[in-house]
Amino acid sequence: MAAGHAEPVLIVSPRYADDVSDMVSAAGQTPRVERRPELAASRFGAEPVRVVVVDARGALTAGLAAAQALGPMVEARRGSMLVMLSRNDASASEAARDAGATSVMVSPFGSDGFATALQLAGRHADRLAAAAAAPLPADNADADRLTGLASAERLQAWLAEQRTAGRPCGAIVLGVGRFSQINTIYGRDVGDRLLAVIARRLGPIADARTGEGELRLLARLTAGEFALGISGERAADGLERLARNLLRGFERPFAIDDRLIHVSGRAGIAWVDANDEEPDAVAEAVLREASIALSDARGREPGAVARFHQESDREALARRADLESDLFGALKNGGITILYQPQSNLADGSVGGVEALSRWDHPLHGRLSAITLLETAASAELALAVGRHIRSRAIATAAAWTGALANLKLSLNVTAADLADPDFIDSLARDLASSGLSPRRLVIEVTEEAIINDLDAAAATLSLLRRDGVGIALDDFGAGYSSLARLARLPVDTIKLDRSFAQGLTGSERERIVVEGMIATARRLGLTVVAEGIEDDVQLAAARTAGCQWVQGYCVAPPLDEAALTGFCNRRRPRSSVA
């Protein structure tokens, strides 16, 4: 928004639109007014504007909701958003920034102050546009060509410079969750643009609230990793808070073309005080140790922050490297064990199906959980191979079952990476054909988290399977993004209530009302309802009362090997204790 150039400015203001419009005109810009916050996003899409003013004075909830809706769109257009708050709502400044505001004004303020803020918002948009348009020199080793941030080499040199100057320093390494899957699902071009948008969002956060004498440098390390170098005598105390502020940048989706892409972030932290080691060695160690801490955070929930601890983290990293190496051997030598957990019909107690669950029988560490197996497979880039291995073996095993096991349905878990694998459907068809297992005895279980980022593509893949007779179950229903409306869009036969929902069956009256209402709605949609994680007779009775048709959990049976499953099913008769 160069000086003297009248550029349109979108004003979203349910209460003071005329006053704000007058101030925009007085500042030499052209106002475009939207008085209904719920229409702000569609109005922005129709207007050739880069600068938005959201006036939340006297309408905080509606104003923040509009800012939340506009945030990804403004960011994608390389624009800026000024949010205005009442004095009594000054504490909402951080919420406004989280929603995507590039600047916030708190009343009272005059027309001159507003004009200055509007001019700065225009300059911000101009800088973003100029940065996007200016190609990086091909020989610029200091800058990452994709994002314009410092390169990994420049960050390491900068950290060494800080140590040479006798300043303590550290690093926060940020990992972008599911980045390899984004590349697989949408293509590398979308993945590259996603990284550029992430960089633009992280930049203002990295620059904000710098302490006295504190220096920072934001860089991109590898495909899906960013790092913030920090130096200063007092900087160590605020590292975790800074890391969490950076991770809050991942809470809003990222707009790429007409897509809103959800990704999570995790962070690892490392810090070194003054010492006598060579500066280059210290700089390299800081980044390596922050990356080790990130490896720890990747095993936790999205948004996790882990700090490097000298001994324990080195041991954990060494153990993980050993496990990754050992997993290659486990795939070749049969080290992965498949267990089967029965699913019982609440009407008569019969066993109608089993869920295949994997374990890793390690020669040194003993039996390792499925979580350890899958995390190791992901870090060793063996996730697809492990998934294919488990599915192929389980299908071949179930096809050979006779007697009491002959008609059991087999449920197999698949991930977002599996669904995005171009060979997924064909490999499943080959396994069914070679084993002779009827598709009608196979159920594919997929979590909401695995499909939420590209619902239409996931629905198309699942529809192909369902057309061939394969059953589709929505696993862990209620754990994250639950929406009953989404069920109508998905080719799903069954929902499996998450363990927390099963526990809600015996919780407070409000919890029971919510869970029972969801079960009733699902059944009206013609879906079968399975309650997972049923561990005692009280939960069992509650599941029956609420309308669940099937149950799974230790109250029925733990995961069993094939021999134990055969004995269990031979003993099982209708009208047993589960009925």
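Remarks
- Dipole of the chain [Lys/Arg +1, Asp/Glu -1 at C-beta], most positive-end residue of GLY71, SER231, GLY113: GLY71
- Calculated from backbone phi, Karplus (6.51, -1.76, 1.60) coupling profile of the range 334-350 in Hz, x at Gly/Pro: x, x, 9, 9, 10, 10, 10, 9, x, 10, 10, 7, 6, 6, 9, x, 6
- For the range 152-308, the mean projected area of the C-alpha convex hull, equal to one quarter of the hull surface, is 8.6 nm².
- DSSP finds beta bridges in the range 319-571, and of those with both partners inside it, around 40 percent are antiparallel.
- For the chain: relative contact order, % (alpha-carbon pairs under 8 angstrom, 6 or more apart): 9 percent
- Taken along the Cα-to-beta-carbon direction at a fixed 7 Å, the label points for ALA129 and ARG234 span 4.0 nm.
- Computed FRET value (nearest 0.05) for ALA520 with ASP189, which takes r as the C-beta separation and R₀ as 60 Å: 0.85
- With at most 16 other Cβ atoms within 10 Å, longest stretch of the chain clear of loop trypsin sites (Lys or Arg not before Pro) (DSSP): 301-488
- Linear extension gain, ASP361 paired with ALA433, 0.36 nm per residue minus alpha-carbon span: 23.0 nm
- Calculated FRET value between GLU284 and ALA564, using beta carbons and R₀ = 56 Å, to 0.05: 0.60
- Projecting the Cα atoms of GLY265, LEU85, ALA59 onto the charge dipole of the chain (Cβ charges, centred on the Cα centre) puts ALA59 farthest toward the positive pole.
- Sequence-distant residues sharing a close amide H with LEU368 (under 5 Å, placed H): TRP360, ASP361, HIS362
- Once the chain from ASP348 to LEU120 is taken as fully extended at 0.36 nm per residue, the excess over their C-alpha distance is 75.0 nm.
- Its relative contact order, with pairs defined as Cα atoms under 8 Å and 6+ residues apart, puts the range 319-571 at 19 percent.
- Proxy reagent accessibility, fewest Cβ within 10 Å first, across HIS365, HIS262: HIS365, HIS262
- Taking all Cα pairs closer than 8 Å and separated by 6 or more residues, the relative contact order of the range 8-133 comes to 24 percent.
- Bridge type composition, the range 22-155 - antiparallel percent by DSSP, nearest 5: 10 percent
- Rounded to the nearest 20 debye, dipole of the range 8-133 from Cβ charges on Lys, Arg, Asp, Glu: 220 debye
- Overall, the chain carries a charge dipole of about 1760 debye about its Cα centre when +1 sits on the Cβ of Lys and Arg and -1 on the Cβ of Asp and Glu, all other atoms neutral.
- Shape class for the range 8-133, computed from the alpha carbon gyration tensor (a ≥ b ≥ c): rounded, with a/c under 1.5.
- Tail beyond 26 Å, pair distance distribution of the range 319-571 (Cα, percent): 41 percent
- When you filter the GluC sites (Glu not before Pro) in the range 152-259 for DSSP loop state and at most 10 other Cβ atoms inside 10 Å of their Cβ, you are left with GLU212.
- Cα-based convex hull volume of the chain per residue, rounded to whole Å³: 185 Å³
- Cβ-derived FRET efficiency at R0 25 Å, GLU47 paired with SER25, nearest 0.05: 0.95
Read-outs: derived from the displayed coordinates by stated rules, not from any lab. Because the structure is predicted, anything quoted here is derived from the model rather than measured. Here the Cβ is made from the backbone with ideal geometry for all residues, glycine too, and neighbour counts use every protein chain on show.
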